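Okay, so here's the structure we're looking at.
The values are calculated or read from the model by the stated rules, or taken from the named source; none is laboratory data. The structure displayed is predicted, hence computed values, not measured ones. Using ideal geometry, Cβ is built from the backbone for each residue, glycine included, and neighbour counts are taken over all protein chains shown.
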Amino acid sequence: MSGKEVFYQGNEACAEGALYAGCRFFGGYPITPSTEVAELLSRRLPKVGGAFIQMEDEIAAMASIIGASLVGKKSLTATSGPGMSLKLENLGFACITEVPCVILNVMRGGPSTGLPTGPSQSDVMQAKWGTHGDHPAIVLTPASVQEIFNETVRAFNISERLRTPVILLTDEIIGHMREKIVIPEKGELEIWDRPRPDCPPEEYLPYDTSKGIVPPMADFGSGYRFHVTGLNHDASGFPTNKPSLVEPEEERLMAKVTENLDMIEKYEYFQKDGAKVGVMAFGSSARSAKAAIKQAQEEGIPVDLLRPVTLWPYPEGPTIEMAGRVDTIVVPEMNLGQMINEVQRCIEGRAKVVGVNRVDGDPITPENILQKIREVV
Amino acid sequence: MAFNYDQYMRPGKLPHIWCPGCAHGTVMKAIIRAIDRVGLEKDRTVIVSGIGCASRMPGYVDFNTLHTTHGRSLAFATGVKMADPSLNVICVAGDGDSLAIGGNHFIHACRRNIDITMIVFNNNIYGMTGGQFSPTTPHGRLASTTPYGNPDYAFDVAELSMGAGATYVSRGTVYHAVPLERQIADGITHNGFSVIDALCTCPTTYGRRNKLGSPIDMILWFKDNTVGIKAAQKLSPEEMEGKILTGVFRNDIKPEYCEEYQKIVEMAQGG
């Protein structure tokens, strides 16, 4: 990749990635360890003619980015655990109204105020199931500063193309670590925009899916007047409670994700010949896992690694594939066991599954994982 | 000739969900006439609401309309306005929506002085959920959650708005529909955050429980129990006892939020 080499923090990479993707609105509320995103965008957005607003709370911040997106602006908010809890109400609104937007959650310990400066990976299930009701969840979990930049761009692209919110799930370690990264030249990464209508305004139906699963979306103020509601609605956008209309709409929201797995799913899978152990890890725990696997290799223990970059929808295929190769899957995560449940659900007993868990505010070290690998071999 | 409301209504979206005798339609009509009076373009106007009876109003009118989550209309509207300050943004909300769950957003929108017009459909009750007390239910009144009388004290919407920094603040009633229309029109043309406290009635879940008479009696009550701000100056404290003040309480000029932000944009771009 050609471009400008910089020494960036993970949170800065998210802000720069957002600008690269065309983000022109940020609504936020300060919370550690995500604040650098807001601070950087408060300086950078006005320079590119965008807008930054510090709202009165996280609920309002989430609402503001949906409002801005309805006017056609690509929008971002950034938060951490306690703030994410507040955003969930309006995250559901964005799901049902199909308004694209991106939400960064730099995870910290919890529940409640938890460990404001300690890393965590305990929002795994919240990211999937946090907002009430059945809804699609797209959650990306980058593991390096460069990947935060690239995945932020991808988050906007997916969000725009599928008209659904996308969550970027990082943690305090990669949010605050600094690494050399390359900012690609303009045009080097593809940028997608939401589908917009080309019919005459009087014919526009905001949720008409006759031409595809993702309906075209008009900007407020562009001459296409339409109604948006968080109530279940028909193709015209107006409320309905007809069972024959509600259920297909709910199913379509999910299908936008399940029918576009090629676009969304992304993972790294390293397989070592003769491996009897596999490790499944994401984010900063995957970094420790890589170091542990290298050391295990030196001790003559071959280990497979699966690192999902897309955590939701959960990478079922690759997990099942790994389970078919190894006897045991080790699942390190900075929580008391969340992702491990998904691993077990997918593989249906094809392999033994053991966790490596820490919630003391310290990272899972390579040694923690190596010890477990040695135990299970 | 009678005013033609049809030009602003969405065909096929009536009848509305409001109960017989509800005064929300009167406020809606005042809003439509005010929009017509100041000549807002339908394509360039966004009407935002939260949850509750009043919040269903945007569905009936032919603008860009946004029915959001409970209490959050001003937060959504702030994003809309910041994303395109040339749009006309109007919020409609009930007293519970705007002052209880939405209280934080309300005071901060006042403080920012962003050019949004907020019309509070103030009927002193949570109507849609069946008559629970709201932040404007008077002390001692009956509601479905205050069976022994309301222990809370009510907000004065106008005092609250002025305290929080809103630059246009007025109060009208559905009995005084023409002055209400004028206040809404003034609020729309005012460059800054405007609050219009529109006193209206809920005969079904509030009036009936508190034995306030027929829907008409409740509207006529405003005639006898409100005093215009100018008329009030001539009355003694005894004569003002129990009366509600109406009229324009504040109409100040103060820098508007989006215009202030535009200065930041120019500064950041080295202008």
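Are any of the residues in segment A:92-104 charged (D, E, K, R) and surrounded by fewer than 19 Cβ atoms within 10 Å (Cβ to Cβ)?
Within segment A:92-104, the first condition is being charged (D, E, K, R), and the residues that meet it are A:98.
Of the ones still in play, those that are also surrounded by fewer than 19 Cβ atoms within 10 Å (Cβ to Cβ) are none.
Checked segment A:92-104: no residue is charged (D, E, K, R) and surrounded by fewer than 19 Cβ atoms within 10 Å (Cβ to Cβ).
Let's see how each residue does on (1) part of a helix (DSSP H, G or I); (2) away from every other protein chain (no Cβ under 14 Å); (3) under 18 Å from the mean Cα position of the chain (by Cα):
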site: B:E181; (1), (2), (3): yes, yes, yes
site: B:G192; (1), (2), (3): no, yes, yes
site: B:G213; (1), (2), (3): no, yes, no
site: B:L220; (1), (2), (3): yes, yes, no
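Has segment A:75-92 got at least one residue that is facing chain B (nearest Cβ under 7 Å), outside any loop (DSSP other than H, G, I, E, B) and of a type outside the set (K, R)? Spell out the reasoning first.
Let us first name the residues in segment A:75-92 that are facing chain B (nearest Cβ under 7 Å), namely A:89-90.
Narrowing the set further to residues that are outside any loop (DSSP other than H, G, I, E, B) leaves A:89-90.
Restricting the remaining residues to those that are of a type outside the set (K, R) gives A:89-90.
Within segment A:75-92, one or more residues are facing chain B (nearest Cβ under 7 Å), outside any loop (DSSP other than H, G, I, E, B) and of a type outside the set (K, R).
Tell me, please, whether a residue that is of a type in the set (G, A, S) and in a loop (DSSP other than H, G, I, E, B) can be found in segment A:36-45. Steps first, please.
Keep residues of segment A:36-45 that are of a type in the set (G, A, S), which gives A:38, A:42.
Imposing the further condition that a residue be in a loop (DSSP other than H, G, I, E, B) reduces the set to none.
There is no residue in segment A:36-45 that is of a type in the set (G, A, S) and in a loop (DSSP other than H, G, I, E, B).
Just for segment B:242-256: of the residues that are at pLDDT 95 or above and out of contact with any strand residue (DSSP E or B) (no Cβ under 9 Å at 6 or more places or on another chain), which one is surrounded by the fewest Cβ atoms within 10 Å (Cβ to Cβ)?
Filtering segment B:242-256 down to residues at pLDDT 95 or above leaves B:243-256.
Right, trim to out of contact with any strand residue (DSSP E or B) (no Cβ under 9 Å at 6 or more places or on another chain) and you get B:253-256.
Numbers: B:I253: 10, B:K254: 13, B:P255: 12, B:E256: 20.
Among those residues, the one meeting the criterion is B:I253.
Can we say B:D186 is touching a His at 6+ places or on another chain (Cβ under 9 Å) and surrounded by fewer than 24 Cβ atoms within 10 Å (Cβ to Cβ)? Please lay out each step first, then the result.
Details: touching a His at 6+ places or on another chain (Cβ under 9 Å): no; surrounded by fewer than 24 Cβ atoms within 10 Å (Cβ to Cβ): yes.
Against the criterion (touching a His at 6+ places or on another chain (Cβ under 9 Å) and surrounded by fewer than 24 Cβ atoms within 10 Å (Cβ to Cβ)), B:D186 does not qualify.
Filter segment B:27-50 down to the residues that are free of Cβ contacts under 8 Å to residues at least 60 places away in the same chain, within 14 Å of chain A (Cβ to nearest Cβ) and assigned to a helix (DSSP H, G or I) and list them by number.
If the condition is that a residue be free of Cβ contacts under 8 Å to residues at least 60 places away in the same chain, within 14 Å of chain A (Cβ to nearest Cβ) and assigned to a helix (DSSP H, G or I), then B:K42, B:D43, B:R44 are the ones that fit.
Only residues that are closer than 20 Å to B:D186 by Cα and either assigned to a loop (DSSP other than H, G, I, E, B) or among the polar types (S, T, N, Q) (or both): list them for segment B:222-271, please.
B:T246, B:N251, B:D252, B:I253, B:K254, B:P255, B:E256
Need a quick list: strands (runs of 3 or more DSSP E) entirely within segment A:286-373 having at least 1 residues that are within 30 Å of A:T113 (Cα to Cα) and of a type in the set (D, E, K, R). Can you show your working first?
Working: elements: A:303-308, A:310-312, A:328-333, A:352-357.
The qualifying strands (runs of 3 or more DSSP E) are A:303-308, A:328-333.
Need pairs with beta-carbon distance below 9 Å; first residue at the interface with another protein chain (Cβ under 9 Å from one of its Cβ atoms) and within segment B:255-271, second assigned to a loop (DSSP other than H, G, I, E, B) and at pLDDT below 95; sequence gap 6+ or separate chains.
Sorted first by the residue in segment B:255-271, then by its partner, the pairs are B:V265/B:G271.
In contact with an Asp or Glu (Cβ under 8 Å, 6 or more places away or on another chain) and not acidic (D, E), is that true of A:R307? Break it down into steps so the answer makes sense when it comes.
Numbers: in contact with an Asp or Glu (Cβ under 8 Å, 6 or more places away or on another chain): yes; not acidic (D, E): yes.
For A:R307, the condition - in contact with an Asp or Glu (Cβ under 8 Å, 6 or more places away or on another chain) and not acidic (D, E) - is met.
Within segment A:25-61, how many residues turn out to be at the interface with another protein chain (Cβ under 8 Å from one of its Cβ atoms) and in contact (Cβ under 8 Å) with a residue 40 or more places away in the chain?
The qualifying residues number 2.
Among the strands (runs of 3 or more DSSP E) confined wholly to segment A:164-274, which include 1 or more residues that are within 14 Å of chain B (Cβ to nearest Cβ), touching a Pro at 6+ places or on another chain (Cβ under 6 Å) and polar (S, T, N, Q)? Talk me through it step by step, then tell me what you get.
Numbers: elements: A:165-171, A:178-184, A:227-229, A:267-270.
Passing ranges, in order: A:227-229.
Determine if segment B:27-41 includes at least one residue that is at pLDDT 95 or above and within 20 Å of A:S69 (Cβ to Cβ).
There is no residue in segment B:27-41 that is at pLDDT 95 or above and within 20 Å of A:S69 (Cβ to Cβ).
Residue check, A:G49 against (1) more than 26 Å from A:A218 (Cα to Cα); (2) in a loop (DSSP other than H, G, I, E, B), all met but one. Which one?
Going through (1) more than 26 Å from A:A218 (Cα to Cα); (2) in a loop (DSSP other than H, G, I, E, B) one by one, A:G49 breaks only (1).
For residues in segment A:91-134 being of a type in the set (V, I, T) and out of contact with any strand residue (DSSP E or B) (no Cβ under 6 Å at 6 or more places or on another chain), which is farthest from A:A13 (Cα to Cα)?
In this case the residue turns out to be A:I96.
Answer yes if at least one residue in segment A:149-161 is assigned to a loop (DSSP other than H, G, I, E, B) and either among the basic types (K, R) or touching a residue at least 24 places away in the same chain (Cβ under 8 Å) (or both), and no otherwise.
Going residue by residue through segment A:149-161, those that are assigned to a loop (DSSP other than H, G, I, E, B) are none.
Checked segment A:149-161: no residue is assigned to a loop (DSSP other than H, G, I, E, B) and either among the basic types (K, R) or touching a residue at least 24 places away in the same chain (Cβ under 8 Å) (or both).
In segment B:52-110, which residues are buried (at least 24 other Cβ atoms within 10 Å of the Cβ), more than 9 Å from chain A (Cβ to nearest Cβ), assigned to a helix (DSSP H, G or I) and not hydrophobic (A, V, I, L, M, F, W, C)?
Those that are buried (at least 24 other Cβ atoms within 10 Å of the Cβ), more than 9 Å from chain A (Cβ to nearest Cβ), assigned to a helix (DSSP H, G or I) and not hydrophobic (A, V, I, L, M, F, W, C): B:S55, B:D95, B:G96, B:D97, B:S98.
Only one of A:S75, A:S69 is within 16 Å of the chain's Cα centre (by Cα), buried (at least 24 other Cβ atoms within 10 Å of the Cβ), of a type outside the set (D, E) and under 19 Å from A:I138 (Cα atoms); which? Break it down into steps so the answer makes sense when it comes.
Details: A:S69 fails: within 16 Å of the chain's Cα centre (by Cα).
Going through A:S75, A:S69 in turn, the sole match is A:S75.
Restricted to segment A:126-148, and to residues that are charged (D, E, K, R) and assigned to a helix (DSSP H, G or I), which residue is surrounded by the most Cβ atoms within 10 Å (Cβ to Cβ)? Working first, answer last.
So the first thing to find is which residues in segment A:126-148 are charged (D, E, K, R), and the list is A:128, A:134, A:147.
Of the ones still in play, those that are also assigned to a helix (DSSP H, G or I) are A:128, A:147.
Values: A:K128: 20, A:E147: 23.
In this case the residue turns out to be A:E147.
Considering every residue within segment B:14-34, establish whether at least one is among the polar types (S, T, N, Q) and surrounded by 16 or more Cβ atoms within 10 Å (Cβ to Cβ). So that I can check it myself, show each step before the final result.
Restricting attention to segment B:14-34, the residues satisfying the condition of being among the polar types (S, T, N, Q) are B:26.
Then drop every residue that is not surrounded by 16 or more Cβ atoms within 10 Å (Cβ to Cβ), which leaves B:26.
Within segment B:14-34, one or more residues are among the polar types (S, T, N, Q) and surrounded by 16 or more Cβ atoms within 10 Å (Cβ to Cβ).
Report whether or not A:D234 is touching a strand residue (DSSP E or B) at 6+ places or on another chain (Cβ under 6 Å) and either surrounded by fewer than 17 Cβ atoms within 10 Å (Cβ to Cβ) or acidic (D, E) (or both).
On the way: touching a strand residue (DSSP E or B) at 6+ places or on another chain (Cβ under 6 Å): no; either surrounded by fewer than 17 Cβ atoms within 10 Å (Cβ to Cβ) or acidic (D, E) (or both): yes.
Criteria not met by A:D234.
Search segment B:215-250 for residues being among the basic types (K, R) and touching a residue at least 40 places away in the same chain (Cβ under 8 Å), and hand back the single one that is farthest from B:C200 (Cα to Cα). Let's see the steps before the verdict.
In the first step, residues of segment B:215-250 are kept if they are among the basic types (K, R); the result is B:223, B:230, B:234, B:243, B:250.
With the extra rule that they be touching a residue at least 40 places away in the same chain (Cβ under 8 Å), the set shrinks to B:223, B:250.
Working: B:K223: 12, B:R250: 21 Å.
Per the stated criteria, the residue is B:R250.
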